[in-house]
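What follows is calculated from the coordinates using simple rules that are stated; it is not laboratory data. It should be emphasised that the depicted structure is a prediction, and the values quoted were computed from it without experimental measurement. Here the Cβ is made from the backbone with ideal geometry for all residues, glycine too, and neighbour counts use every protein chain on show.
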């Protein structure tokens, strides 16, 4: 988890950097729809890698998904700690039970 915390810190710092010198800042400058679309593209690439790629390709695409999710969360001002707290809250709960609790 230290790696994700460091990534989050780096992303937050780079949100306000010069878009010409930072990929994160360039995404931020283009707006939330572009950030969200990029996350979606990376998720699709991870799915494709899972279905027809190598393990190495899947690992790379999964890292891209986590990176772009971190950018999206930071752009929205949502701390990664909140996501982790939600995962901890769900821990030990059946996925079927958790999903049913959201649909009621």
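Along each of the three principal axes of the Cα atoms of region 1-58, give the extent in whole Å, ordering the values from largest to smallest.
On the principal axes, region 1-58 reaches 38, 28, 17 Å in Cα extent.
Which shape class, rounded, prolate or oblate, goes with the chain when its Cα gyration tensor gives a ≥ b ≥ c as root eigenvalues, a/c under 1.5 marks rounded, and past that a/b bigger than b/c marks prolate?
It comes out oblate by the Cα gyration axes.
Angle check, please: helix 2-14 long axis (alpha carbons) against the longest principal axis of the chain (alpha carbons), in degrees 0 to 90, nearest 10.
40 degrees
For the chain, what is the relative contact order in percent, using Cα pairs closer than 8 Å and at least 6 residues apart in sequence?
Numbers: 66 pairs, mean separation 26.6, N = 104.
Relative contact order of the chain: 26 percent.
Compute the long axis of helix 55-76 from its Cα atoms, compare it with the longest principal axis of the Cα atoms of the chain, and write down the angle in degrees, 0 to 90, nearest 10.
80 degrees
Peptides 86-96, 5-15, 64-74: what's the order by average Cβ count within 10 Å, highest mean first? Each step should come with its number before you reach the end.
On the way: 86-96: 9.1, 5-15: 15.8, 64-74: 19.5.
Highest-to-lowest ranking by the protection proxy: 64-74, 5-15, 86-96.
Ranking 102, 82, 30 by Cβ neighbours within 10 Å, fewest first, what do you get?
Result, fewest neighbours first: 102, 82, 30.
With a point put 7 Å past each Cα toward its Cβ, work out how far residue 88 is from residue 100 in nm, to one decimal.
2.7 nm
Cα axis of helix 32-52 to longest principal axis of the chain: angle in degrees, 0 to 90, nearest 10?
The answer is roughly 60 degrees.
Under the 0.36 nm per residue contour assumption, what length would be gained going from the current alpha-carbon distance of residue 9 and residue 59 to full extension?
15.8 nm
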